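J.: Take a look at the following structure, please.
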Amino acid sequence: MPSAKIARFVLQKPNSSEPTYITLTYTCTDGTLKHDIGQKVLPEKWERKTQRPIRNKELKDKIEEYSDWVDEFTDNGKKPVSKKQLKNWLQYKEGKVGVEVVEGGRVELPAHRIFSLIKADAESGKLLNDGARFTKGTLKAWARFIVVLKDFETSLKLSQVSLETYHQFISFCNGKGHSINYVGSLIKTFKSLFNQAVKKGYTDNLIYRHEEFRKPGEASTQIYLTDEDISKLLDYKCTGMDERIRDRFVINTFVGLRISDMKKLTIEHINNDVITITNQKTRGRVSVPVSVVIKDILRKYKGELPRQYAEQKVNERIKEIAKAAGITDRQEFFKTVGGEKKLHVKEKWEMITNHTARRTTITKGLESMTIVDLQPMVGLTLKTLDLYNKRTAERNAELNKTNKFFSQRPGRKSNFDVSDWAYDDEEQ
């Protein structure tokens, strides 16, 4: 009876004076497998007879781990295996593959592990998005979702995901008290990562494409700043960091950049009274005229832009600055949280964030510019541009008071006869 096979470990360059990689070799049914274990050692620190390092316990333990993996898969060398089978097994143990066929069965990593591998590839640049690296915002959303998914079901496999899983996940999020729009953002990320897993061959489950597997949501209640609000901010007396945060924020109410682009904005982006910058998200260029308010701020800082602070710090301080400036109008809105739609009441300053500046530019811009003029300035599609418009019903009525539909009486040729009306001007 032939003796059992064992894994052997050899150096790729045994005569090198520099550290060299260690290769695992094993005789399979279709030839010898050579597998790089990703570890290096100086040849002079390597014992060829034992195939182990000299006085390096950590590296020795790593090699023993690989040896144990081979023994586990081959039943201590008694079971014949192909090179592909053993290679796949080793990659699975290393956490480099999600699904693999082993002896007619399936060895599958949990979904959160697969998604973590995808995120790691994106972070390293191995996985690209249309030839470019994924944005920090996308990677942050992936990381946030992976944490939530582990909390939901740490052993969930992609092959097990179904519409029932989808509904269970939403119920889980509702139980955590998340808003419906936050749950929608998680589902959007779930679908995005699922799609990447399919592309990379980790799964062939396409349930995420089902029409019911959709992102839930509702129209968000977000505010913009009126001319009066901006005047209050500019009139408010503050110094130091608060003054610089206020001034930089006001600048963006006339430029409308995303936070990622506002962070990069410098005086070099201004030429001939026009701000031109390439969007980080879309990689498209936008150009916006320098407003008189921005010119005033630039003169204040002697031709420079005020410092840009960290996003979290700006979100924290701009609320307090707005509160002190008197931007305290009452805001009522409905919001679905934990699966229940409830009326919420806040003062306006509580709802101001970095992104309020961009919404302000778009909403105010739509009051005085055509969509054709505004669109290239903010770099949005027509559909998204409309979503950003936060004009209230009251503001819309105010702007249309002078519209001829409301300000002119029907002419003599009209079907209406003023003399038939039940009241006249004095009675109004």
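J.: Toward the positive end of the charge dipole of region 1-100, about the Cα centre and with charges on Cβ (Lys, Arg +1; Asp, Glu -1), which of 91, 63, 25 goes farthest?
T.: Selected residue: 25.
J.: Report, to the nearest whole %, how much of the accessible area of the chain belongs to carbon and sulfur atoms, 1.4 Å probe, protein only.
T.: Working: 12090 of 25280 Å².
Accessible surface attributable to carbon and sulfur in the chain totals 48 percent.
J.: Could you tell me how many degrees, from 0 to 90 and to the nearest 10, lie between the Cα long axis of helix 240-252 and the main elongation axis, the longest principal axis, of the Cα atoms of the chain?
T.: So the inclination is approximately 80 degrees.
J.: Counting only Cα atoms, I'd like the Rg/Rh figure for region 283-358, Kirkwood definition for Rh.
T.: Across region 283-358, the Cα-based Rg/Rh ratio is 1.10.
J.: How long is the gain from residue 219 to residue 329 if the chain were fully straight, where each residue apart is worth 0.36 nm and the alpha carbon distance is subtracted?
T.: Between residue 219 and residue 329, full extension yields 37.5 nm more.
J.: Additional query: Run the numbers on region 289-355 and let me know its relative contact order in percent, using alpha-carbon pairs under 8 Å that are six or more apart.
T.: 30
J.: Please name whichever of 272, 10, 127 sits farthest to the positive end of the charge dipole of the chain, dipole taken about the Cα centre and charges placed at Cβ: Lys and Arg +1, Asp and Glu -1.
T.: 10
J.: Working from Cα positions, state the angle (0 to 90°, nearest 10) between the long axis of helix 356-368 and the longest principal axis of the chain.
T.: Roughly 40 degrees, rounded to the nearest 10.
J.: Applying 1/(1 + (r/R0)^6) with R0 = 35 Å to the Cβ-Cβ distance of residue 40 and residue 139, what FRET efficiency is obtained, to the nearest 0.05?
T.: Plugging the Cβ-Cβ distance into 1/(1 + (r/R0)^6) gives 0.75.
J.: Take residue 126 and residue 61, extend 7 Å from each Cα along the Cα→Cβ direction, and tell me the distance between the two endpoints in nm.
T.: 2.5
J.: In this model, which of 176/346; 237/264; 140/281; 40/60 are farther than 18 Å apart at the alpha-carbon?
T.: 176/346; 237/264
J.: Any idea what angle helix 136-152 forms with the longest principal axis of the chain, computed on alpha-carbon atoms, 0 to 90 degrees, nearest 10?
T.: That works out to roughly 70 degrees.
J.: Using alpha carbon coordinates only, what is the Rg to Rh ratio of the chain, with Rh defined as the Kirkwood radius?
T.: 1.15
J.: With each pseudo-label sitting 7 Å past Cα toward Cβ, what's the residue 32-residue 369 distance in nm, one decimal?
T.: Each label point is offset 7 Å from its Cα along the Cβ direction, giving 6.9 nm.
J.: Go ahead and run the numbers for FRET between residue 168 and residue 310, Cβ-Cβ distance against an R0 of 41 Å, rounding to 0.05. Don't skip to the answer; put the middle values down first.
T.: Numbers: r = 37 Å, r/R0 = 0.90.
That gives a FRET efficiency of 0.65.
J.: OK, next. So, by mean Cβ neighbours within 10 angstrom, what's the order for 143-153, 266-276 with the highest one leading?
T.: Peptide ranking by packing, descending: 143-153, 266-276.
J.: Hey, if you drop one equal point scatterer on each alpha-carbon of region 110-167 and run the Debye formula without solvent, what base-10 log of I(q)/I(0) do you get at q = 0.25, 0.28, 0.30 Å⁻¹?
T.: -1.00, -1.10, -1.17
J.: Give me the 1.4 Å probe accessible area per residue for the chain, excluding ligands and nucleic acids, in Å².
T.: 59
The values are calculated or read from the model by the stated rules, or taken from the named source; none is laboratory data. Bear in mind the structure is a predicted one, so any value in this text is a computation, not a measurement. Backbone-built Cβ (ideal geometry, glycine too); neighbour counts: all protein chains shown. With ligands, DNA and RNA removed, areas are computed over all heavy atoms of the protein, side chains included. Shrake-Rupley method; radii C 1.70, N 1.55, O 1.52, S 1.80 Å.
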